[in-house]
Structure formats: structure tokens, C-alpha cells
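Have a look at the structure below, then the notes.
The values are calculated or read from the model by the stated rules, or taken from the named source; none is laboratory data. Everything quoted here is computed from the prediction, not taken from an experiment. When we count neighbours, we look across all protein chains shown, and the Cβ atoms used for this are built from the backbone with ideal geometry, even at glycine.
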Amino acid sequence: MGTVTDRLTQLRAAYLEMPGLRLNAQQAERLYGIEPTLCQPLLDALVDARFLYVKYDGTYARASDEEVRE
């Protein structure tokens, strides 16, 4: 499982390694094996840190991606 910090690092690394990655919370939970009660707060923390943003369709994207935000 890993610590909260480990999971946060895992999510950040995924977005850094895969430019253009777009996942909703449920997809991130399944892909990275993160419990639902932990995944949403992790994603929220990355949004608060301005590393990610939430798109209109509920997916999370890296804030520095060059794509125009929808």
C-alpha cells in the first residue's frame, strides 16, 4: 500500500512521466490501487498545489500541460 506521501509521489510521477495524462478519480483508483477514501484527497491536494487541475469532464490534468484548459 504505502504511505500517503508515497501515494502522492506516485500520482505526481505518473503525470510527469505521461504528458497529456487525463484520469478521473475512479480511473486513478483502479490504475494505481488507491483506496477511494484516499484517492480523492490526494487529487485535491495536487489541485491545491496547482500541479493538477480539474477539467470540465471531471478528469484531472497536469496544470503545466500546454493544452488549452477546458
State which residue is modelled with the lowest pLDDT when the search covers only the stretch 1-18 and only residues that are aliphatic (A, V, I, L, M) and more than 10 Å from the chain's Cα centre (by Cα).
Met1
Give the residue that is nearest to Gly2 (Cα to Cα), with candidates limited to residues of the stretch 16-64 that are among the charged types (D, E, K, R) and touching a helix residue (DSSP H, G or I) at 6+ places or on another chain (Cβ under 9 Å).
Glu35
Selection within the stretch 19-43 - within 18 Å of Ser64 (Cβ to Cβ) and modelled with pLDDT of 95 or more:
Leu21, Arg22, Leu23, Leu43
Scan the stretch 29-70 for residues that are of a type in the set (Gly, Ala, Ser) and touching a Phe, Trp or Tyr at 6+ places or on another chain (Cβ under 7 Å) and jot them down.
Ala61, Ala63
Turns out the helices (runs of 4 or more DSSP H) fully within the chain with at least 2 residues that are surrounded by 14 or more Cβ atoms within 10 Å (Cβ to Cβ), on the phi < 0 side of the Ramachandran plot and in contact (Cβ under 8 Å) with a residue 60 or more places away in the chain are none
